[in-house]
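Below: the structure, in structure tokens.
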Amino acid sequence: MKHPESFSLKAVDKLLYMLSQGCILHKVKSGGLLYPRTYYLDTENMVLRYSGSEKRLRKKRISWPISKIREVREGEKDYSKRLDPYDRGRCLAIVFGTNHEVLYLMCDSYQLRDDWIKGLRFALHMDQYMDQKQQTDRWIKEAFQMADKNNDGSLDFEEILKLLKQLNADMDKKYVQELFNKADTTKTRGKPVLDAEEFVKFYHMLTERPEIDEIFMKYDDGKGFWTFTDLCKFFYHEQKLDLTEDQSKELIAAYEPQKQLQLEDHLSPIGFRTLLASHDQQLFNPVHRRVYQDMTQPIINYYISSSHNTYLTEDQLRGPSRVEAYITALARGCRCVELDCWDGPDDEPIIYHGYTLTSKILFRDVLSAIKDYAFQSSPLNPNNRYPVILSIENHCSVRQQTVMATYIKSIFGDLLYAPEEPPNRIPSPHDLMGKIIIKAKKMDNPQMGKKLPRGHSSGDDGEVSDEDEAADVASNNVVKPSNANTDHKIKLSPEFSDCVGFKAVSFKGIEESINSNGMFVSLGESKALKLIENNRAGVIKMNQHMLVRTYPAGSRTDSSNYNPLPMWNAGCQVVALNFQTASEPMQLLQAKFMDNGGCGYLLKPGFLLPDERSTCPPTSRKRLNITIISGYQFPKPNDSKKGEIIDPFIKIEIHGVKDDTQQCKTSVKTNNGFNPRWDEDVSFVLSRPDLAVVRFVVYDQDRYVDDFIGYFALPFHSIQEGYRQCSLLTKRGDKIPQALVLFKVEISEA
């Protein structure tokens, strides 16, 4: 399959035209059922749509924005087994959203399948390189199509009023009518209407942002435009950046839409608005979108983005296990995934949550998916090249462990990190780039990076203690095993033991763990919190010698998560959460690991590192001043059945060490989710800013329970000063189109 950039433009135009006319494809449902639908690829409006379903058509979603597509896969990569009854060479899978919902399609020929894959991948390529105005115009057209109920390509005034209510805009009807008349340039006979292009003009007039114009007027000296010198002044005084003359001219060339003003190195208010909405001017520092930290220190010096029971997509007792869950976690930057391995039929090891009713998947299928996706770059995660750790809970017989070893070696090949002799030093993430590491119990070979004390052995007879989570599972299980004994020993296969790169040891105490020859120790949530409370210094010391993994309590059968901050604050590196649960803890994890290019590895603060544990001076206290200026196009709650316009407010939270944890909220703006204005100041003092995560949450005030609208969170040290905007995200981390919050941020010594 050629890369989209290698297609000739003539061939691309021909292909996209063919796909825009529509083709009958067969939607493959679970159970092998086929539903014929006519699918269209509309690259003008950047949507994939279908028709042909008469039943419950109004209730079914019949189009998807191209921006929601995460991947287009050949049918040969069907990890769900849904395509088993069919010729996979005629099938494709389209993956949507951060939660990886998959649409399976079968084509009538191999050529048609390849055409759809090429066309969709090219559309994805186009979408990634759209500029800010193109993205906005596309979203406006999507809103137009949503409101055009009779599909006549136009909207009358009443339809537009209904659309504005859907978009949370409570505006003066007379003012809207004036803008409508101004945008209606065709002046057709009969009832006045706006076509799609006129609606785009109307919408731009409607959504002018006076708060941004006020910022502009502070530096234009009444001219109505900025010179490059004015732009330099703005950046120096407000954004705390010192631009050169050439840099300011480059920004004007990039963001000023009027050619004449570009030639004169002048910036209009519209150009300034576009500049302020650009990626580099967002709240999150663009420098932190790439790997910028030192990646050559021992791996124990880094926080690692980690998943618990990665295979599960719902609860811990009866939910489904899916191979796709591993792909989802890896795409979100996770670098440590968990595999609970058990004996399966026909000598095929399986993965599931033992002693429960969760479904089972094949060990070898999971390994194949991990190999395919461990280091695959994507727009969501372009830096997926640092090592992936497989945390294996081994409950298999010696016979099936040997089968596991065969699969590990044959599937991973040279990707596997399993040195025969321990290296002289603990390797770094840089040393291990592109490597997959098995973390599990291991026989008596000393673990890499740690010298085995003379005479110290971990069991010459091949027996090791059972897995660490077994006790939690057995005490909260659904299927009560007659032989569930969490204190017994298990036999190890030498072949499997040889595959282990990071040796796990059971926790017997802080000093015992430090003096063991292990690289990894696991602690349940409750035990970890108790240790941190009673012996924080000891926990910090332990994770200066080895990787410390924490995981949710076995009682969290609903797949809820614990607060990861206390673990991170004590230096625990591998804080594993249930990735399938979209809640505050996962939002904090995603926020923390946005830093350093989203590569899944973060260098711990100096005071938590071995070489500086007692001499490193504390980070200076910081004061964070934020002016919440305004919001823009907040949606209604997803599950809202209310017809009324929302009443938004914003909660600002600091998550960090105990003394820094605090929150406040703005006033409520009644009946205005479209362009609420606050101009309210908040201030926080942080004693350990290097450990803090700042979270902004927009709610709709309700009489009983306030409804979640969207959030944005980021590490404190990734915040840019000045006038900054941030996009709102759904609970699962998908970007909400057009929804923004505008701030002014100042950071100073406290």
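Let's see how each residue does on (1) open to solvent by less than 20 Å² (accessible area, probe 1.4 Å); (2) touching a Lys or Arg at 6+ places or on another chain (Cβ under 9 Å):
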site	(1), (2)
V685	no, yes
F696	yes, yes
D700	yes, yes
F708	no, yes
F716	yes, yes
Q725	yes, no
L728	yes, yes
Q738	no, no
F743	yes, yes
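Select from the range 31-57 the residues that are among the acidic types (D, E) and at pLDDT below 85 and write down the one among them that is most open to solvent (accessible area, probe 1.4 Å). Don't jump to the end; show me each part of the working.
Initial filter on the range 31-57 (among the acidic types (D, E)): 42, 44, 54.
Okay, now just the ones that are also at pLDDT below 85, so 44, 54.
Numbers: E44: 137, E54: 158 Å².
Ranking the qualifying residues of the range 31-57, first place goes to E54.
One residue stands out among those in the range 58-72 that are in contact (Cβ under 8 Å) with a residue 40 or more places away in the chain and of a type in the set (D, E, K, R): the one that is surrounded by the fewest Cβ atoms within 10 Å (Cβ to Cβ), which is K68.
Per-residue answers, yes or no, for (1) touching a Lys or Arg at 6+ places or on another chain (Cβ under 6 Å); (2) small (G, A, S); (3) under 22 Å from V500 (Cβ atoms); (4) assigned to a loop (DSSP other than H, G, I, E, B):
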position: T356; (1), (2), (3), (4): no, no, no, yes
position: K371; (1), (2), (3), (4): no, no, yes, no
position: F375; (1), (2), (3), (4): yes, no, yes, yes
position: E393; (1), (2), (3), (4): no, no, yes, no
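Being assigned to a helix (DSSP H, G or I) and in contact (Cβ under 8 Å) with a residue 60 or more places away in the chain is a condition met by at least one residue of the range 575-584.
Among the residues of the range 682-728 satisfying the criterion of being among the hydroxyl-bearing types (S, T, Y) and touching a strand residue (DSSP E or B) at 6+ places or on another chain (Cβ under 8 Å), which is nearest to D659 (Cα to Cα)?
Narrowing the range 682-728 to residues among the hydroxyl-bearing types (S, T, Y): 683, 687, 699, 704, 711, 718, 723, 727.
Then drop every residue that is not touching a strand residue (DSSP E or B) at 6+ places or on another chain (Cβ under 8 Å), which leaves 683, 699, 711, 718, 723, 727.
On the way: S683: 15, Y699: 26, Y711: 23, S718: 21, Y723: 28, S727: 29 Å.
So, considering only residues that are among the hydroxyl-bearing types (S, T, Y) and touching a strand residue (DSSP E or B) at 6+ places or on another chain (Cβ under 8 Å), the one nearest to D659 (Cα to Cα) is S683.
What is the number of the single condition among (1) farther than 30 Å from T328 by Cα; (2) modelled with pLDDT of 95 or more that L714 does not meet? It is condition (1) that L714 fails. Being surrounded by fewer than 18 Cβ atoms within 10 Å (Cβ to Cβ), modelled with pLDDT of 95 or more and more than 28 Å from L163 (Cα to Cα) is a condition met by at least one residue of the range 665-680.
Is it the case that D280 is surrounded by fewer than 18 Cβ atoms within 10 Å (Cβ to Cβ), touching a helix residue (DSSP H, G or I) at 6+ places or on another chain (Cβ under 8 Å) and assigned to a helix (DSSP H, G or I)? Break it down into steps so the answer makes sense when it comes.
Working: surrounded by fewer than 18 Cβ atoms within 10 Å (Cβ to Cβ): yes; touching a helix residue (DSSP H, G or I) at 6+ places or on another chain (Cβ under 8 Å): yes; assigned to a helix (DSSP H, G or I): yes.
So D280 fits the description; yes.
Within the range 321-338, one or more residues are assigned to a strand (DSSP E or B) and in contact with a helix residue (DSSP H, G or I) (Cβ under 7 Å, 6 or more places away or on another chain).
Yes/no per residue for (1) of a type in the set (S, T, N, Q); (2) in contact (Cβ under 8 Å) with a residue 60 or more places away in the chain; (3) on the phi > 0 side of the Ramachandran plot:
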position	(1), (2), (3)
S391	yes, yes, no
M404	no, yes, no
I411	no, no, no
L415	no, no, no
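I215 meets all of the listed conditions (1) open to solvent by less than 60 Å² (accessible area, probe 1.4 Å); (2) in contact with an Asp or Glu (Cβ under 6 Å, 6 or more places away or on another chain) but one, namely (2). Does Y303 satisfy the criteria of being over 27 Å from Q128 (Cβ atoms) and either in contact (Cβ under 8 Å) with a residue 60 or more places away in the chain or in a loop (DSSP other than H, G, I, E, B) (or both)? Judged against the criteria, Y303 is a match.
Residue count for the range 181-217 satisfying the condition of being within 37 Å of the chain's Cα centre (by Cα) and in a loop (DSSP other than H, G, I, E, B): 4.
For the range 221-235, the condition holds for no residue, the condition being that it is in contact with a strand residue (DSSP E or B) (Cβ under 9 Å, 6 or more places away or on another chain), assigned to a loop (DSSP other than H, G, I, E, B) and open to solvent by less than 40 Å² (accessible area, probe 1.4 Å).
Residue-wise test of (1) assigned to a loop (DSSP other than H, G, I, E, B); (2) farther than 27 Å from I299 by Cα; (3) at pLDDT 95 or above; (4) out of contact with any strand residue (DSSP E or B) (no Cβ under 6 Å at 6 or more places or on another chain).
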{"position": "K480", "(1), (2), (3), (4)": "yes, yes, no, yes"}
{"position": "A484", "(1), (2), (3), (4)": "yes, yes, no, yes"}
{"position": "K508", "(1), (2), (3), (4)": "yes, no, no, yes"}
{"position": "E511", "(1), (2), (3), (4)": "no, no, yes, yes"}
{"position": "S522", "(1), (2), (3), (4)": "no, no, yes, no"}
{"position": "A537", "(1), (2), (3), (4)": "no, no, yes, yes"}
{"position": "N561", "(1), (2), (3), (4)": "yes, no, yes, no"}
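Exactly one residue out of I650, I654 is part of a strand (DSSP E or B) and closer than 18 Å to Q590 by Cα, and it is I654. Looking at the range 68-80, is at least one residue over 20 Å from T328 (Cβ atoms) and either out of contact with any helix residue (DSSP H, G or I) (no Cβ under 8 Å at 6 or more places or on another chain) or of a type in the set (F, W, Y) (or both)? So far as the range 68-80 goes, no, none of its residues is over 20 Å from T328 (Cβ atoms) and either out of contact with any helix residue (DSSP H, G or I) (no Cβ under 8 Å at 6 or more places or on another chain) or of a type in the set (F, W, Y) (or both). Residues in the range 236-250 that are open to solvent by 90 Å² or more (accessible area, probe 1.4 Å), assigned to a loop (DSSP other than H, G, I, E, B) and free of Cβ contacts under 8 Å to residues at least 24 places away in the same chain: D242 only. Right, R121: within 20 Å of V12 (Cβ to Cβ), within 23 Å of the chain's Cα centre (by Cα), modelled with pLDDT of 85 or more and of a type in the set (D, E, K, R) or not? Here the answer is yes, as R121 does meet what is asked. Is at least one residue of the range 320-342 free of Cβ contacts under 8 Å to residues at least 24 places away in the same chain, surrounded by fewer than 20 Cβ atoms within 10 Å (Cβ to Cβ) and not acidic (D, E)? Taking every residue of the range 320-342 in turn, none turns out to be free of Cβ contacts under 8 Å to residues at least 24 places away in the same chain, surrounded by fewer than 20 Cβ atoms within 10 Å (Cβ to Cβ) and not acidic (D, E).
The values are calculated or read from the model by the stated rules, or taken from the named source; none is laboratory data. Nothing here was measured: the structure is a model prediction, and the numbers come from that model. Please note: Cβ atoms are built from the backbone with ideal geometry, for glycine as well, and neighbour counts cover all protein chains shown. Side chains included, ligands, DNA and RNA excluded: accessible areas come from the protein's heavy atoms. Shrake-Rupley method; radii C 1.70, N 1.55, O 1.52, S 1.80 Å.
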